[in-house]
Amino acid sequence: MAKRELQAPRGTRDFYPEDMRFRSWLFDHFRAVARAFAFEEIDAPIVEHADLFIRKAGEEIVEQLYHFELHGRHLALRPELTPSISRMVIARAGALRLPLRWFTIGQNWRYERMTRGRKREHYQWDAEILGEPGVAAEAELLSAIFALLERVGLGNGEVQVRVNSRALLEESLRGGVLRDRPDVFGPLCIAIDKLSKIGRDAVVDLLSDPQGEVGLTRDASGEVVDRLAIDDLDDALREAPPNSAAAAELRRLFELLEAYGIGPYVHFDASVVRGLAYYTGIVFEGFDAGATLRAVFGGGRYDRLVETLGGPAMPAVGFGFGDVVIAELLADLDRLPTLSRDVGDVVVPLDEAQRPAALRVARALRGEGRSVEVVLGAARLKRVLADASRAGVERVVMIGPDEAARGKMRVRDLASREEQELDLPEGSGR
Ligand code: HAM
(Lines give C-alpha, C1' and ligand atoms only; values in the text may rest on other atoms or scores of the structure.)
Protein backbone atom coordinates (compact mmCIF):
# COMPACT_ATOMS: atom_id res chain seq x y z
CA MET A 1 0.00 0.00 0.00
CA ALA A 2 1.44 3.34 -1.00
CA LYS A 3 1.83 6.03 1.62
CA ARG A 4 -1.34 8.00 2.16
CA GLU A 5 0.15 11.32 1.09
CA LEU A 6 1.01 9.77 -2.27
CA GLN A 7 -2.65 9.09 -3.02
CA ALA A 8 -5.17 11.70 -4.04
CA PRO A 9 -7.65 12.23 -1.17
CA ARG A 10 -10.63 9.87 -1.40
CA GLY A 11 -13.31 11.14 -3.71
CA THR A 12 -10.98 13.43 -5.66
CA ARG A 13 -9.52 12.80 -9.07
CA ASP A 14 -6.19 13.11 -10.82
CA PHE A 15 -6.62 14.02 -14.45
CA TYR A 16 -4.09 12.15 -16.59
CA PRO A 17 -3.77 13.21 -20.23
CA GLU A 18 -6.54 10.86 -21.42
CA ASP A 19 -8.86 12.09 -18.63
CA MET A 20 -7.99 15.65 -19.50
CA ARG A 21 -8.81 15.03 -23.16
CA PHE A 22 -12.32 13.94 -22.16
CA ARG A 23 -12.69 16.88 -19.78
CA SER A 24 -11.65 19.38 -22.45
CA TRP A 25 -13.96 17.75 -24.98
CA LEU A 26 -16.89 18.09 -22.57
CA PHE A 27 -16.03 21.65 -21.53
CA ASP A 28 -15.66 22.66 -25.19
CA HIS A 29 -19.23 21.47 -25.73
CA PHE A 30 -20.41 23.37 -22.62
CA ARG A 31 -18.78 26.53 -23.97
CA ALA A 32 -20.09 26.05 -27.51
CA VAL A 33 -23.68 25.69 -26.29
CA ALA A 34 -23.33 28.63 -23.90
CA ARG A 35 -22.08 30.72 -26.82
CA ALA A 36 -24.98 29.56 -29.02
CA PHE A 37 -27.37 30.79 -26.32
CA ALA A 38 -25.48 34.08 -25.84
CA PHE A 39 -24.28 33.43 -22.30
CA GLU A 40 -21.13 35.26 -21.15
CA GLU A 41 -18.43 33.37 -19.28
CA ILE A 42 -17.38 34.46 -15.79
CA ASP A 43 -15.22 32.98 -13.04
CA ALA A 44 -14.95 33.31 -9.26
CA PRO A 45 -12.57 32.07 -6.55
CA ILE A 46 -12.84 28.48 -5.30
CA VAL A 47 -12.29 29.77 -1.75
CA GLU A 48 -15.01 32.03 -0.37
CA HIS A 49 -16.11 33.26 3.04
CA ALA A 50 -17.90 30.28 4.58
CA ASP A 51 -20.92 32.39 5.50
CA LEU A 52 -21.76 32.76 1.82
CA PHE A 53 -22.79 29.10 1.84
CA ILE A 54 -24.10 28.61 5.35
CA ARG A 55 -27.88 28.53 5.60
CA LYS A 56 -29.97 27.18 8.43
CA ALA A 57 -32.47 25.03 6.57
CA GLY A 58 -30.74 21.69 7.23
CA GLU A 59 -29.37 21.21 3.72
CA GLU A 60 -26.82 18.44 3.09
CA ILE A 61 -24.67 20.83 1.10
CA VAL A 62 -23.99 22.89 4.24
CA GLU A 63 -23.13 19.82 6.33
CA GLN A 64 -20.71 18.74 3.59
CA LEU A 65 -18.78 22.01 3.48
CA TYR A 66 -14.96 21.85 3.36
CA HIS A 67 -14.21 24.78 5.65
CA PHE A 68 -11.34 26.06 7.77
CA GLU A 69 -10.11 28.96 9.86
CA LEU A 70 -7.13 30.87 8.52
CA HIS A 71 -5.76 34.02 10.13
CA GLY A 72 -9.02 34.52 11.97
CA ARG A 73 -11.17 34.12 8.85
CA HIS A 74 -13.68 31.35 8.35
CA LEU A 75 -13.24 30.23 4.75
CA ALA A 76 -14.71 27.43 2.63
CA LEU A 77 -14.12 25.67 -0.66
CA ARG A 78 -17.24 26.38 -2.68
CA PRO A 79 -19.71 23.49 -2.82
CA GLU A 80 -21.62 25.10 -5.71
CA LEU A 81 -21.42 28.20 -7.88
CA THR A 82 -24.77 29.91 -7.44
CA PRO A 83 -23.90 31.90 -4.28
CA SER A 84 -20.65 33.19 -5.82
CA ILE A 85 -22.47 34.28 -8.95
CA SER A 86 -25.10 36.02 -6.82
CA ARG A 87 -22.31 37.75 -4.88
CA MET A 88 -20.76 38.99 -8.13
CA VAL A 89 -24.12 40.30 -9.32
CA ILE A 90 -24.68 42.13 -6.02
CA ALA A 91 -21.27 43.85 -6.29
CA ARG A 92 -22.32 45.43 -9.60
CA ALA A 93 -26.05 45.42 -9.15
CA GLY A 94 -26.77 48.98 -10.30
CA ALA A 95 -24.47 48.77 -13.31
CA LEU A 96 -25.62 45.54 -14.95
CA ARG A 97 -27.92 45.41 -17.93
CA LEU A 98 -30.67 42.97 -17.03
CA PRO A 99 -31.59 40.29 -17.70
CA LEU A 100 -28.05 38.95 -17.76
CA ARG A 101 -26.96 35.54 -18.89
CA TRP A 102 -23.78 34.27 -17.32
CA PHE A 103 -22.13 30.89 -17.29
CA THR A 104 -19.10 29.35 -15.67
CA ILE A 105 -17.38 25.99 -15.47
CA GLY A 106 -15.89 25.40 -12.05
CA GLN A 107 -14.79 22.82 -9.53
CA ASN A 108 -16.97 22.34 -6.47
CA TRP A 109 -16.18 20.55 -3.22
CA ARG A 110 -18.61 18.56 -1.07
CA TYR A 111 -17.65 16.06 1.59
CA GLU A 112 -20.12 13.49 0.28
CA ARG A 113 -20.74 9.91 1.22
CA MET A 114 -19.56 8.44 -2.04
CA THR A 115 -21.65 6.34 -4.37
CA ARG A 116 -21.47 5.86 -8.10
CA GLY A 117 -21.47 9.25 -9.83
CA ARG A 118 -20.96 11.08 -6.55
CA LYS A 119 -17.51 12.39 -5.68
CA ARG A 120 -16.03 14.88 -3.27
CA GLU A 121 -15.08 17.24 -6.05
CA HIS A 122 -16.81 17.69 -9.35
CA TYR A 123 -16.92 20.26 -12.09
CA GLN A 124 -20.16 21.93 -12.99
CA TRP A 125 -21.30 23.82 -16.03
CA ASP A 126 -23.46 26.43 -14.39
CA ALA A 127 -25.68 28.83 -16.33
CA GLU A 128 -27.76 31.55 -14.77
CA ILE A 129 -30.24 34.16 -15.96
CA LEU A 130 -30.69 37.03 -13.51
CA GLY A 131 -33.25 39.80 -13.72
CA GLU A 132 -35.97 37.92 -15.63
CA PRO A 133 -39.12 36.90 -13.72
CA GLY A 134 -40.90 35.04 -16.56
CA VAL A 135 -40.63 31.34 -17.44
CA ALA A 136 -39.18 32.21 -20.85
CA ALA A 137 -35.90 32.09 -18.88
CA GLU A 138 -36.55 28.54 -17.65
CA ALA A 139 -37.46 27.45 -21.19
CA GLU A 140 -34.24 28.96 -22.54
CA LEU A 141 -32.13 27.14 -19.95
CA LEU A 142 -33.82 23.79 -20.55
CA SER A 143 -33.40 24.24 -24.26
CA ALA A 144 -29.66 24.89 -23.77
CA ILE A 145 -29.40 21.67 -21.76
CA PHE A 146 -31.04 19.70 -24.57
CA ALA A 147 -28.67 21.29 -27.08
CA LEU A 148 -25.76 20.07 -24.95
CA LEU A 149 -27.17 16.56 -24.64
CA GLU A 150 -27.58 16.36 -28.38
CA ARG A 151 -24.01 17.55 -28.98
CA VAL A 152 -22.54 14.87 -26.73
CA GLY A 153 -24.57 12.15 -28.44
CA LEU A 154 -27.48 11.72 -26.05
CA GLY A 155 -30.41 12.05 -28.38
CA ASN A 156 -33.86 13.02 -27.34
CA GLY A 157 -35.35 10.89 -24.65
CA GLU A 158 -32.12 9.39 -23.33
CA VAL A 159 -32.13 11.93 -20.54
CA GLN A 160 -35.56 12.61 -19.08
CA VAL A 161 -36.28 15.94 -17.47
CA ARG A 162 -38.67 16.24 -14.55
CA VAL A 163 -40.14 19.60 -13.67
CA ASN A 164 -42.08 20.81 -10.68
CA SER A 165 -43.00 24.14 -9.15
CA ARG A 166 -42.12 24.85 -5.55
CA ALA A 167 -44.33 27.91 -5.85
CA LEU A 168 -47.31 25.68 -6.63
CA LEU A 169 -46.54 23.44 -3.66
CA GLU A 170 -46.14 26.49 -1.44
CA GLU A 171 -49.42 28.03 -2.62
CA SER A 172 -51.26 24.79 -1.94
CA LEU A 173 -49.73 24.23 1.50
CA ARG A 174 -50.22 27.82 2.62
CA GLY A 175 -53.92 27.39 2.06
CA GLY A 176 -53.81 24.24 4.18
CA VAL A 177 -51.28 22.63 6.51
CA LEU A 178 -48.86 25.57 6.50
CA ARG A 179 -51.54 28.23 7.07
CA ASP A 180 -50.03 29.17 10.43
CA ARG A 181 -46.42 28.16 9.68
CA PRO A 182 -45.36 29.80 6.36
CA ASP A 183 -41.75 30.11 7.59
CA VAL A 184 -41.11 26.36 7.57
CA PHE A 185 -41.56 25.91 3.82
CA GLY A 186 -37.77 25.87 3.16
CA PRO A 187 -36.95 23.11 5.70
CA LEU A 188 -40.08 21.23 4.56
CA CYS A 189 -38.68 21.12 1.01
CA ILE A 190 -35.33 19.85 2.29
CA ALA A 191 -37.12 17.04 4.13
CA ILE A 192 -39.35 15.96 1.24
CA ASP A 193 -36.42 16.05 -1.17
CA LYS A 194 -35.20 12.95 0.68
CA LEU A 195 -38.29 10.92 -0.30
CA SER A 196 -36.65 8.75 -2.95
CA LYS A 197 -33.66 8.13 -0.67
CA ILE A 198 -35.31 7.38 2.67
CA GLY A 199 -38.92 6.51 1.82
CA ARG A 200 -42.34 7.80 2.84
CA ASP A 201 -42.35 6.83 6.52
CA ALA A 202 -38.98 8.39 7.24
CA VAL A 203 -40.07 11.65 5.56
CA VAL A 204 -43.27 11.70 7.63
CA ASP A 205 -41.08 11.16 10.72
CA LEU A 206 -38.91 14.12 9.73
CA LEU A 207 -41.86 16.42 9.05
CA SER A 208 -43.62 15.50 12.29
CA ASP A 209 -40.56 15.43 14.57
CA PRO A 210 -41.53 17.76 17.44
CA GLN A 211 -37.83 18.77 17.85
CA GLY A 212 -37.42 19.27 14.07
CA GLU A 213 -37.62 22.48 12.04
CA VAL A 214 -41.04 21.69 10.52
CA GLY A 215 -43.07 20.17 13.36
CA LEU A 216 -46.32 19.25 11.55
CA THR A 217 -48.77 16.67 12.87
CA ARG A 218 -48.42 13.14 11.46
CA ASP A 219 -51.67 13.53 9.50
CA ALA A 220 -50.57 16.83 7.98
CA SER A 221 -47.17 15.30 7.16
CA GLY A 222 -48.83 12.38 5.42
CA GLU A 223 -50.96 14.80 3.43
CA VAL A 224 -47.86 16.69 2.28
CA VAL A 225 -46.14 13.49 1.15
CA ASP A 226 -49.26 12.28 -0.68
CA ARG A 227 -49.20 15.40 -2.85
CA LEU A 228 -45.81 14.42 -4.19
CA ALA A 229 -47.27 11.44 -6.05
CA ILE A 230 -48.80 13.65 -8.78
CA ASP A 231 -46.85 13.06 -11.96
CA ASP A 232 -49.19 14.46 -14.56
CA LEU A 233 -49.38 18.12 -15.49
CA ASP A 234 -53.15 18.14 -16.01
CA ASP A 235 -53.73 16.56 -12.61
CA ALA A 236 -51.41 19.12 -11.00
CA LEU A 237 -53.25 21.99 -12.69
CA ARG A 238 -56.61 20.56 -11.66
CA GLU A 239 -55.50 20.27 -8.02
CA ALA A 240 -54.06 23.80 -7.95
CA PRO A 241 -55.78 26.53 -5.89
CA PRO A 242 -58.17 28.73 -7.93
CA ASN A 243 -56.41 31.46 -9.98
CA SER A 244 -53.04 30.01 -9.06
CA ALA A 245 -50.20 32.12 -10.50
CA ALA A 246 -47.84 29.17 -10.13
CA ALA A 247 -50.15 26.91 -12.14
CA ALA A 248 -50.36 29.50 -14.93
CA GLU A 249 -46.55 29.68 -15.04
CA LEU A 250 -46.24 25.94 -15.19
CA ARG A 251 -48.72 25.76 -18.06
CA ARG A 252 -46.87 28.51 -19.93
CA LEU A 253 -43.53 26.79 -19.42
CA PHE A 254 -44.80 23.58 -20.98
CA GLU A 255 -46.19 25.55 -23.94
CA LEU A 256 -42.80 27.14 -24.50
CA LEU A 257 -41.03 23.78 -24.22
CA GLU A 258 -43.34 22.47 -26.95
CA ALA A 259 -42.33 25.41 -29.12
CA TYR A 260 -38.67 24.57 -28.53
CA GLY A 261 -39.40 20.98 -29.58
CA ILE A 262 -38.43 19.46 -26.27
CA GLY A 263 -41.92 19.08 -24.75
CA PRO A 264 -42.03 15.28 -25.19
CA TYR A 265 -38.94 14.79 -23.03
CA VAL A 266 -39.98 16.97 -20.14
CA HIS A 267 -42.47 15.66 -17.55
CA PHE A 268 -44.22 17.12 -14.59
CA ASP A 269 -43.26 15.38 -11.33
CA ALA A 270 -44.42 16.78 -7.98
CA SER A 271 -41.76 14.80 -6.11
CA VAL A 272 -38.95 16.92 -7.58
CA VAL A 273 -38.35 19.65 -4.99
CA ARG A 274 -34.50 19.77 -4.96
CA GLY A 275 -32.28 19.77 -1.89
CA LEU A 276 -31.30 23.43 -1.81
CA ALA A 277 -33.30 25.83 0.31
CA TYR A 278 -33.10 28.86 -1.97
CA TYR A 279 -35.42 27.66 -4.74
CA THR A 280 -38.72 29.53 -4.96
CA GLY A 281 -40.41 28.53 -8.22
CA ILE A 282 -39.89 26.09 -11.08
CA VAL A 283 -37.37 23.34 -10.23
CA PHE A 284 -36.06 20.66 -12.55
CA GLU A 285 -33.71 17.70 -12.74
CA GLY A 286 -32.50 15.41 -15.52
CA PHE A 287 -32.03 11.66 -15.16
CA ASP A 288 -30.81 8.87 -17.40
CA ALA A 289 -33.80 7.02 -18.88
CA GLY A 290 -33.23 4.00 -16.62
CA ALA A 291 -32.80 6.28 -13.57
CA THR A 292 -29.81 4.23 -12.45
CA LEU A 293 -27.59 7.23 -11.75
CA ARG A 294 -27.90 10.40 -9.71
CA ALA A 295 -29.15 13.51 -11.49
CA VAL A 296 -27.19 14.54 -14.57
CA PHE A 297 -28.17 18.15 -13.92
CA GLY A 298 -30.47 20.16 -11.73
CA GLY A 299 -31.65 23.70 -11.35
CA GLY A 300 -34.48 26.06 -10.75
CA ARG A 301 -35.68 29.52 -9.86
CA TYR A 302 -34.33 31.28 -6.78
CA ASP A 303 -35.97 34.69 -6.75
CA ARG A 304 -34.98 35.60 -3.19
CA LEU A 305 -31.33 34.50 -2.88
CA VAL A 306 -29.78 37.75 -4.11
CA GLU A 307 -31.89 39.72 -1.66
CA THR A 308 -31.18 37.30 1.20
CA LEU A 309 -27.46 37.82 0.59
CA GLY A 310 -27.90 41.57 0.94
CA GLY A 311 -28.55 42.61 -2.66
CA PRO A 312 -31.58 44.11 -4.38
CA ALA A 313 -34.72 42.09 -5.15
CA MET A 314 -33.72 40.15 -8.26
CA PRO A 315 -35.46 37.24 -9.95
CA ALA A 316 -33.03 34.50 -10.94
CA VAL A 317 -32.96 31.03 -12.42
CA GLY A 318 -30.18 28.65 -13.36
CA PHE A 319 -28.84 25.13 -13.48
CA GLY A 320 -25.75 23.11 -12.67
CA PHE A 321 -24.68 20.28 -14.99
CA GLY A 322 -21.93 18.07 -13.57
CA ASP A 323 -19.05 16.36 -15.34
CA VAL A 324 -19.19 13.07 -13.41
CA VAL A 325 -22.65 11.67 -14.09
CA ILE A 326 -22.62 12.50 -17.79
CA ALA A 327 -19.32 10.59 -18.13
CA GLU A 328 -20.81 7.57 -16.33
CA LEU A 329 -23.85 7.68 -18.58
CA LEU A 330 -21.81 7.92 -21.79
CA ALA A 331 -19.63 5.04 -20.55
CA ASP A 332 -22.70 2.90 -19.73
CA LEU A 333 -24.03 3.48 -23.23
CA ASP A 334 -20.60 2.82 -24.73
CA ARG A 335 -20.59 6.32 -26.21
CA LEU A 336 -17.48 7.87 -24.75
CA PRO A 337 -15.69 9.68 -27.57
CA THR A 338 -12.41 8.31 -28.89
CA LEU A 339 -10.03 11.20 -28.45
CA SER A 340 -6.50 11.09 -29.80
CA ARG A 341 -3.58 13.24 -28.77
CA ASP A 342 -4.21 15.59 -31.65
CA VAL A 343 -0.58 15.79 -32.80
CA GLY A 344 -0.31 16.59 -36.51
CA ASP A 345 3.33 15.82 -37.25
CA VAL A 346 6.23 14.01 -35.66
CA VAL A 347 9.55 15.30 -36.97
CA VAL A 348 12.53 12.93 -36.75
CA PRO A 349 16.14 13.82 -37.45
CA LEU A 350 17.61 10.47 -38.45
CA ASP A 351 20.88 11.47 -36.82
CA GLU A 352 22.08 14.38 -34.71
CA ALA A 353 23.64 16.20 -37.67
CA GLN A 354 20.13 16.72 -39.10
CA ARG A 355 18.70 18.13 -35.85
CA PRO A 356 19.13 21.82 -36.82
CA ALA A 357 17.29 21.18 -40.10
CA ALA A 358 14.58 19.22 -38.20
CA LEU A 359 14.08 22.09 -35.77
CA ARG A 360 13.68 24.53 -38.64
CA VAL A 361 11.11 22.21 -40.26
CA ALA A 362 9.20 21.97 -36.95
CA ARG A 363 9.23 25.73 -36.61
CA ALA A 364 7.88 26.19 -40.12
CA LEU A 365 5.10 23.63 -39.56
CA ARG A 366 4.14 25.16 -36.20
CA GLY A 367 4.01 28.52 -37.95
CA GLU A 368 1.32 27.00 -40.19
CA GLY A 369 -0.66 26.17 -37.08
CA ARG A 370 0.18 22.45 -36.94
CA SER A 371 0.88 20.60 -33.72
CA VAL A 372 4.39 19.17 -34.00
CA GLU A 373 6.41 16.84 -31.81
CA VAL A 374 10.15 16.78 -32.43
CA VAL A 375 11.78 13.47 -31.48
CA LEU A 376 14.25 14.55 -28.84
CA GLY A 377 16.78 11.75 -28.43
CA ALA A 378 18.43 9.21 -30.66
CA ALA A 379 15.45 7.68 -32.43
CA ARG A 380 14.77 4.16 -33.61
CA LEU A 381 12.63 4.91 -36.60
CA LYS A 382 10.55 1.76 -36.29
CA ARG A 383 9.56 2.66 -32.76
CA VAL A 384 8.83 6.28 -33.69
CA LEU A 385 6.48 5.13 -36.45
CA ALA A 386 4.72 2.63 -34.19
CA ASP A 387 4.27 5.18 -31.38
CA ALA A 388 3.03 7.82 -33.82
CA SER A 389 0.47 5.42 -35.32
CA ARG A 390 -0.81 4.47 -31.89
CA ALA A 391 -1.15 8.13 -30.87
CA GLY A 392 -3.19 8.98 -33.98
CA VAL A 393 -0.50 11.26 -35.47
CA GLU A 394 -1.16 12.28 -39.09
CA ARG A 395 2.34 12.42 -40.56
CA VAL A 396 5.92 11.53 -39.69
CA VAL A 397 8.53 13.81 -41.23
CA MET A 398 11.96 12.19 -41.58
CA ILE A 399 15.17 14.03 -42.33
CA GLY A 400 18.24 11.89 -42.97
CA PRO A 401 21.66 12.80 -44.37
CA ASP A 402 20.68 11.98 -48.00
CA GLU A 403 17.50 14.00 -47.91
CA ALA A 404 19.13 16.92 -46.12
CA ALA A 405 21.96 17.03 -48.63
CA ARG A 406 19.38 17.42 -51.40
CA GLY A 407 17.26 19.94 -49.45
CA LYS A 408 14.46 17.38 -49.02
CA MET A 409 12.47 15.61 -46.31
CA ARG A 410 10.50 12.37 -46.39
CA VAL A 411 6.89 12.75 -45.31
CA ARG A 412 4.90 9.62 -44.45
CA ASP A 413 1.13 9.80 -44.17
CA LEU A 414 0.31 7.30 -41.46
CA ALA A 415 -3.27 6.65 -42.52
CA SER A 416 -2.53 5.91 -46.20
CA ARG A 417 1.05 4.72 -45.49
CA GLU A 418 2.14 6.73 -48.52
CA GLU A 419 5.50 8.39 -48.42
CA GLN A 420 6.67 11.30 -50.52
CA GLU A 421 9.74 13.44 -50.73
CA LEU A 422 9.09 17.14 -50.30
CA ASP A 423 11.31 20.21 -50.33
CA LEU A 424 12.49 21.37 -46.95
CA PRO A 425 10.54 24.52 -46.08
CA GLU A 426 12.24 27.76 -47.08
CA GLY A 427 15.35 28.42 -45.01
CA SER A 428 15.28 25.08 -43.18
CA GLY A 429 18.00 23.35 -45.22
CA ARG A 430 21.62 23.29 -44.28
P1 HAM B 1 -26.97 20.37 -7.50
O2 HAM B 1 -28.19 19.58 -7.86
O3 HAM B 1 -26.46 20.25 -6.13
O4 HAM B 1 -27.32 21.87 -7.85
O5 HAM B 1 -25.81 20.00 -8.50
C6 HAM B 1 -25.98 20.10 -9.90
C7 HAM B 1 -25.34 18.90 -10.59
O8 HAM B 1 -23.96 18.82 -10.21
C9 HAM B 1 -25.91 17.54 -10.19
O10 HAM B 1 -27.06 17.23 -10.95
C11 HAM B 1 -24.76 16.61 -10.50
O12 HAM B 1 -24.67 16.33 -11.89
C13 HAM B 1 -23.56 17.48 -10.14
N14 HAM B 1 -23.09 17.13 -8.79
C15 HAM B 1 -23.47 17.68 -7.61
N16 HAM B 1 -22.83 17.11 -6.58
C17 HAM B 1 -22.01 16.17 -7.12
C18 HAM B 1 -21.09 15.22 -6.57
N19 HAM B 1 -20.86 15.13 -5.26
N20 HAM B 1 -20.41 14.42 -7.41
C21 HAM B 1 -20.62 14.49 -8.74
N22 HAM B 1 -21.48 15.36 -9.32
C23 HAM B 1 -22.17 16.18 -8.52
C24 HAM B 1 -26.50 22.93 -7.65
O25 HAM B 1 -25.34 22.82 -7.32
C26 HAM B 1 -27.14 24.26 -7.94
N27 HAM B 1 -26.19 25.32 -7.58
C28 HAM B 1 -27.56 24.32 -9.39
C29 HAM B 1 -28.19 25.63 -9.74
C30 HAM B 1 -27.63 26.64 -10.43
N31 HAM B 1 -29.40 26.03 -9.39
C32 HAM B 1 -29.60 27.25 -9.84
N33 HAM B 1 -28.50 27.64 -10.47
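The values are calculated or read from the model by the stated rules, or taken from the named source; none is laboratory data. Predicted, not measured: the structure shown is a model, and the values here were computed from it. Please note: Cβ atoms are built from the backbone with ideal geometry, for glycine as well, and neighbour counts cover all protein chains shown.
Please tell me if residue 99 is in contact with an Asp or Glu (Cβ under 6 Å, 6 or more places away or on another chain) and closer than 21 Å to residue 305 by Cα.
Values: in contact with an Asp or Glu (Cβ under 6 Å, 6 or more places away or on another chain): yes; closer than 21 Å to residue 305 by Cα: yes.
Against the criterion (in contact with an Asp or Glu (Cβ under 6 Å, 6 or more places away or on another chain) and closer than 21 Å to residue 305 by Cα), residue 99 qualifies.
Would you check which residues across region 79-114 are of a type in the set (Val, Ile, Thr) and more than 9 Å from the ligand (Cβ to nearest atom) and list them?
Within region 79-114, the subset of a type in the set (Val, Ile, Thr) is 82, 85, 89-90, 104-105.
Within region 79-114, 89, 90, 104, 105 meet the criteria.
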Among the residues of region 12-64, count how many are over 18 Å from the mean Cα position of the chain (by Cα) and among the β-branched types (Val, Ile, Thr).
3
Confirm whether residue 273 is touching a Cys at 6+ places or on another chain (Cβ under 6 Å) and within 13 Å of the ligand (Cβ to nearest atom).
yes
Taking residue 341 as the residue in question, decide whether it is surrounded by fewer than 19 Cβ atoms within 10 Å (Cβ to Cβ) and either in contact with a strand residue (DSSP E or B) (Cβ under 8 Å, 6 or more places away or on another chain) or on the phi > 0 side of the Ramachandran plot (or both).
no
Pick from region 1-11 the residues that are farther than 22 Å from residue 328 by Cβ and of a type in the set (D, E, K, R): which of them is farthest from the chain's Cα centre (by Cα)?
3
All positions within region 88-118 that are assigned to a loop (DSSP other than H, G, I, E, B) and surrounded by 20 or more Cβ atoms within 10 Å (Cβ to Cβ):
110
Look at residue 278 and say whether it is in contact (Cβ under 8 Å) with a residue 60 or more places away in the chain, assigned by TED's automatic domain parsing to the domain that holds residue 140, within 15 Å of the ligand (Cβ to nearest atom) and not small (Gly, Ala, Ser).
yes
Quickly run through region 303-331 and pick out the residues that are over 30 Å from residue 277 (Cα atoms) and surrounded by 14 or more Cβ atoms within 10 Å (Cβ to Cβ).
330
Exclusive hit being outside any loop (DSSP other than H, G, I, E, B), among the aliphatic types (A, V, I, L, M) and more than 14 Å from the ligand (Cβ to nearest atom), set 32, 38, 8
32
Kindly state which helices (runs of 4 or more DSSP H) lie completely within region 131-201 and contain at least 1 residues that are surrounded by fewer than 17 Cβ atoms within 10 Å (Cβ to Cβ).
136-151, 166-174, 195-198
May I ask you to list pairs of residues, at least six apart or on different chains, whose Cβ atoms are under 6 Å apart, with the first in region 142-155 being assigned by TED's automatic domain parsing to the domain that holds residue 299 and the second being surrounded by fewer than 22 Cβ atoms within 10 Å (Cβ to Cβ) and among the hydroxyl-bearing types (Ser, Thr, Tyr)?
143/260
Among the residues listed as 414, 336, the single one being under 30 Å from residue 295 (Cβ atoms) and more than 16 Å from the ligand (Cβ to nearest atom)
336
Report whether or not residue 283 is within 12 Å of the ligand (Cβ to nearest atom) and either assigned to a helix (DSSP H, G or I) or touching a helix residue (DSSP H, G or I) at 6+ places or on another chain (Cβ under 7 Å) (or both).
yes
Residue pairs qualifying under the 8 Å Cβ cut-off, at least six apart or on distinct chains, with the first in region 195-220 being closer than 16 Å to residue 173 by Cα and the second being outside any helix (DSSP H, G or I) and of a type in the set (Lys, Arg), are 214/181; 215/181; 216/181
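Among the helices (runs of 4 or more DSSP H) confined wholly to region 338-430, which include 1 or more residues that are among the β-branched types (Val, Ile, Thr) and more than 39 Å from the chain's Cα centre (by Cα)?
Once the helices (runs of 4 or more DSSP H) in region 338-430 are filtered for at least 1 residues that are among the β-branched types (Val, Ile, Thr) and more than 39 Å from the chain's Cα centre (by Cα), what remains is 355-367.
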Can you find even one residue in region 294-301 that is β-branched (Val, Ile, Thr) and not in a helix (DSSP H, G or I)?
yes
